[in-house]
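Novice: Would you mind keeping the following structure in view while I ask a few things?
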Amino acid sequence: MSAPAPFRVLPALDETNEFFWTSGADGLLRFLRCQDCGHYLHPPGPRCPVCGSREVEPDAVSGRGEVLTSTVNHQSWDGSAEPYAIVIVELAEQQGLRLTSNLVGVDLDDIEIGMPVQVTFEQHDDIYYPLFEQVNRGS
Ligand SMILES: [Zn+2]
């Protein structure tokens, strides 16, 4: 079975998270990045945990990464019956830059640790959920 995307509760946007949830409007995933040392921060914070700088701004990443760990949800929490995959993806840009999301469009039995993935977005009004889909090695 190919993994669908589950029902979503929309996040409440505020000034600290709006860039993240609306970033997919142009197809790019963004994280806060320290403008002094280049470190990406996620979740967002007011200052860089590495160098202490307050010069942190949203910056686009490649959207490429790999599956660090995954699980398949079979419980119908919301009345939808389809099992779906929950993954933690580590982005290619930085070790430890991770996003918990869903892996979509892949057979649930084919999901592997280390599987290369890339971001894709699921739009709900102004909000673009960053999800991931499989990419072929070398592509
Ligand atoms: Zn820094």
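Just so it is clear, none of the values below were taken in a lab; they were calculated from the coordinates. Source: prediction; values computed, not measured. A quick note on method: Cβ atoms are made from the backbone with ideal geometry, for glycine too, and the neighbour counts reach across all protein chains shown.
Novice: Filter region 36-61 down to the residues that are within 9 Å of the ligand (Cβ to nearest atom), in a loop (DSSP other than H, G, I, E, B) and touching a residue at least 24 places away in the same chain (Cβ under 8 Å) and list them by number. Spell out the reasoning first.
Specialist: Of region 36-61, the ones within 9 Å of the ligand (Cβ to nearest atom) are 36-39, 41, 47-53, 55-56.
Narrowing the set further to residues that are in a loop (DSSP other than H, G, I, E, B) leaves 36-39, 47-53, 55.
Residue satisfying the conditions is His39 alone.
Novice: Right, another one. Those residues that are surrounded by fewer than 19 Cβ atoms within 10 Å (Cβ to Cβ), free of Cβ contacts under 8 Å to residues at least 40 places away in the same chain and within 17 Å of the chain's Cα centre (by Cα), I need them from region 26-35; list them, please.
Specialist: Asp26, Leu28
Novice: Looking at region 70-83 only, could you name the residues that are touching a strand residue (DSSP E or B) at 6+ places or on another chain (Cβ under 7 Å) and surrounded by fewer than 13 Cβ atoms within 10 Å (Cβ to Cβ)?
Specialist: Within region 70-83, the first condition is being touching a strand residue (DSSP E or B) at 6+ places or on another chain (Cβ under 7 Å), and the residues that meet it are 70-73, 83.
Once the filter is applied, which keeps residues that are touching a strand residue (DSSP E or B) at 6+ places or on another chain (Cβ under 7 Å) and surrounded by fewer than 13 Cβ atoms within 10 Å (Cβ to Cβ), region 70-83 yields only Thr71.
Novice: Quick check, is Gln95 more than 11 Å from the chain's Cα centre (by Cα) and farther than 24 Å from Asn17 by Cα?
Specialist: Working: more than 11 Å from the chain's Cα centre (by Cα): yes; farther than 24 Å from Asn17 by Cα: no.
Spelling it out, it is not the case that Gln95 is more than 11 Å from the chain's Cα centre (by Cα) and farther than 24 Å from Asn17 by Cα.
Novice: For Asp109, work out the one condition from (1) of a type in the set (Asp, Glu); (2) free of Cβ contacts under 8 Å to residues at least 60 places away in the same chain; (3) over 21 Å from Pro11 (Cβ atoms); (4) surrounded by 11 or more Cβ atoms within 10 Å (Cβ to Cβ) it doesn't fulfil.
Specialist: If we test Asp109 against (1) of a type in the set (Asp, Glu); (2) free of Cβ contacts under 8 Å to residues at least 60 places away in the same chain; (3) over 21 Å from Pro11 (Cβ atoms); (4) surrounded by 11 or more Cβ atoms within 10 Å (Cβ to Cβ), just (4) comes out false.
Novice: Right, something else. Can you say whether Gln118 is out of contact with any helix residue (DSSP H, G or I) (no Cβ under 9 Å at 6 or more places or on another chain) and assigned to a loop (DSSP other than H, G, I, E, B), as far as the supplied structure shows? Lay out the reasoning, then the answer.
Specialist: On the way: out of contact with any helix residue (DSSP H, G or I) (no Cβ under 9 Å at 6 or more places or on another chain): yes; assigned to a loop (DSSP other than H, G, I, E, B): no.
Taking the combined requirement at face value, the residue does not satisfy it.
Novice: Conditions: (1) without any contact (Cβ under 8 Å) to a residue 40 or more places away in the chain; (2) under 29 Å from Ile113 (Cβ atoms); (3) more than 16 Å from the ligand (Cβ to nearest atom). Ala12 meets all but one. Number of the miss?
Specialist: For Ala12, the failing item is (2).
Novice: What do you reckon, is Ser23 under 24 Å from Leu10 (Cα atoms), more than 13 Å from the ligand (Cβ to nearest atom) and in a strand (DSSP E or B)?
Specialist: Numbers: under 24 Å from Leu10 (Cα atoms): yes; more than 13 Å from the ligand (Cβ to nearest atom): yes; in a strand (DSSP E or B): no.
Here the answer is no, as Ser23 does not meet what is asked.
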